[in-house]
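First up is the structure itself, then whatever we jot down about it.
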Amino acid sequence: MTRNDDRPLVVVTHWVHPPVIERLAAHCRVIANPTRETLPRDAVLRRCETADAMMAFMPDRIDEAFLAACGKLRVVAGALKGYDNFDVPACTRRGVWFTIVPDRLTAPTAELVVGLMIGLGRRIREGDQHMRSGRFHGWRPRFYGTGLAGARVGIIGLGAVGMAVARRLQGFDCEVVAHDADVGDVTAWEAIGVHPVALETLLETADYVIPLVPLSDDTVHLIDRAALARMKPGALLVNACRGAVVDEGAVAEALASGRLAGYAADVFEMEDWARGDRPRRVHPALLDAGDRTLLTPHLGSAVDRVRLEIAMEAADNILQALSGERPAGAVNNISPAAPGLIATGPA
């Protein structure tokens, strides 16, 4: 038997940059997904049945049944930050490290939020479609929208991404208010010109409402019919955290009635795989409301350099775990530490 056959097996469920595979292959056997598509769950299970490690992505779902079928797993390394699709307590019970990449997604997601705000408010999508229609014959008094200068922006959840968005809005001459269930010390908020307000006040007075909270039992449909009814007429809603934080059906109704002027989203309820009642497609009324919506296919961290860094950090978490170390990105505790499966740690 060759040395290659003796090395631990790592499954990478989605496409990553070749240097990531090379990094892992220096120490492990690797089964990679060379396509840009998500494999069916049963196909992932077959690959992971004898795997020692797995690099997982947002469309993957790790639960008790998956772990029971993959008894050799030592580490599930998420190439992600939010992990509501992953049962971390089940991983802990079975002695499996679960790791994330906590910091590298913050800046590109904040950039996208600001981009969605500008794109939605300034009606850029409509203008682009008009140009391509052949009906543009020079300036006309059309497509008047909402700018950021002088606007009141309400951020719900001032964690890392919320703070990053607030910092980026400093140069746009808008008023930024925020609500967070765990306010803590507001000194950091005040340093970047953010004023804490009650959630009701935020909804009732903001021109832009931006939820930036993790998905949990407390935040499912945080923006529901009641919240939308509180929002000032003509307000814009931007969602780049998790789809189910917003009730898409209620948003569609608010758009149709004209109470909500526009909705931009990079995340959708259909993506929240851990929810048994999740819809299986984006609400069709949102797709039909082309003049009032701006929808992007989960581009939050889709910056080429950043995606390479995210996957490389996830690979390092795998190699640390297989070396018998605590992975740097671990969100759970495994005790006692198992002996390493690879001779050396990351180079």
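The values are calculated or read from the model by the stated rules, or taken from the named source; none is laboratory data. Small disclaimer: the values here were computed from a predicted structure and weren't measured. Heads up, the Cβs are rebuilt from the backbone with ideal geometry, glycines too, and the neighbour counts pull from every protein chain shown.
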Contact list, first residue from the range 240-254 and free of Cβ contacts under 8 Å to residues at least 60 places away in the same chain and acidic (D, E), second anywhere and part of a helix (DSSP H, G or I) and surrounded by 24 or more Cβ atoms within 10 Å (Cβ to Cβ), beta-carbon distance below 7 Å, six or more apart or interchain, is E248/E269
Selected residue (only one of A261, A254 is modelled with pLDDT of 95 or more and either assigned to a helix (DSSP H, G or I) or buried (at least 21 other Cβ atoms within 10 Å of the Cβ) (or both)): A254
Any idea how many residues of the range 185-195 are closer than 13 Å to G162 by Cβ and of a type outside the set (V, I, T)? 2
Residue list for the range 216-230, restricted to those being within 22 Å of D182 (Cα to Cα), touching a strand residue (DSSP E or B) at 6+ places or on another chain (Cβ under 9 Å) and among the hydrophobic types (A, V, I, L, M, F, W, C): L222, I223, A227
May I ask you to verify whether G115 is modelled with pLDDT of 95 or more and within 18 Å of R168 (Cα to Cα)? yes
Where residues in the range 32-90 are over 23 Å from L319 (Cα atoms) and basic (K, R), which of them is farthest from the chain's Cα centre (by Cα)? R41
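A quick yes/no check of all residues on (1) touching a Cys at 6+ places or on another chain (Cβ under 8 Å); (2) of a type in the set (S, T, N, Q); (3) modelled with pLDDT of 95 or more:
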| residue | (1), (2), (3) |
| --- | --- |
| T2 | no, yes, no |
| R7 | yes, no, yes |
| R23 | no, no, yes |
| I31 | no, no, yes |
| A43 | no, no, yes |
| A51 | yes, no, yes |
Taking G150 as the residue in question, decide whether it is surrounded by fewer than 21 Cβ atoms within 10 Å (Cβ to Cβ), in contact with an Asp or Glu (Cβ under 9 Å, 6 or more places away or on another chain) and closer than 21 Å to E204 by Cα. yes
Are any residues in the range 73-88 assigned to a loop (DSSP other than H, G, I, E, B), within 22 Å of V20 (Cα to Cα) and not hydroxyl-bearing (S, T, Y), and if so, which ones? L73, R74, A79, L80, K81, G82
Kindly provide the set of residues from the range 275-298 that are hydrophobic (A, V, I, L, M, F, W, C), surrounded by 16 or more Cβ atoms within 10 Å (Cβ to Cβ) and either modelled with pLDDT of 95 or more or part of a helix (DSSP H, G or I) (or both), ordered by number. V282, L286, L294, L295
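Looking only at the range 31-47, filter to residues that are of a type outside the set (S, T, N, Q) and closer than 24 Å to E309 by Cα; which one of those is surrounded by the fewest Cβ atoms within 10 Å (Cβ to Cβ)?
We begin by selecting, within the range 31-47, every residue of a type outside the set (S, T, N, Q); these are 31-32, 34, 36-37, 39-47.
Checking which are closer than 24 Å to E309 by Cα leaves us with 31-32, 34, 36-37, 39, 44.
Details: I31: 16, A32: 19, P34: 9, R36: 7, E37: 10, L39: 17, V44: 24.
So the residue we want is R36.
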Does V75 meet the test of being in contact with a Phe, Trp or Tyr (Cβ under 8 Å, 6 or more places away or on another chain) and either among the aliphatic types (A, V, I, L, M) or farther than 24 Å from H27 by Cβ (or both)? yes
Has the range 302-309 got at least one residue that is in contact (Cβ under 8 Å) with a residue 24 or more places away in the chain and farther than 30 Å from E126 by Cα? yes
Collect the residues in the range 235-251 that are within 30 Å of D63 (Cβ to Cβ) and crowded, with 18+ Cβ neighbours inside 10 Å, keeping them in residue-number order. N239, A240, C241, R242, G243, A244, V245, V246, D247, E248, A250, V251
Can you say whether R230 is of a type outside the set (G, A, S) and free of Cβ contacts under 8 Å to residues at least 60 places away in the same chain, as far as the supplied structure shows? yes
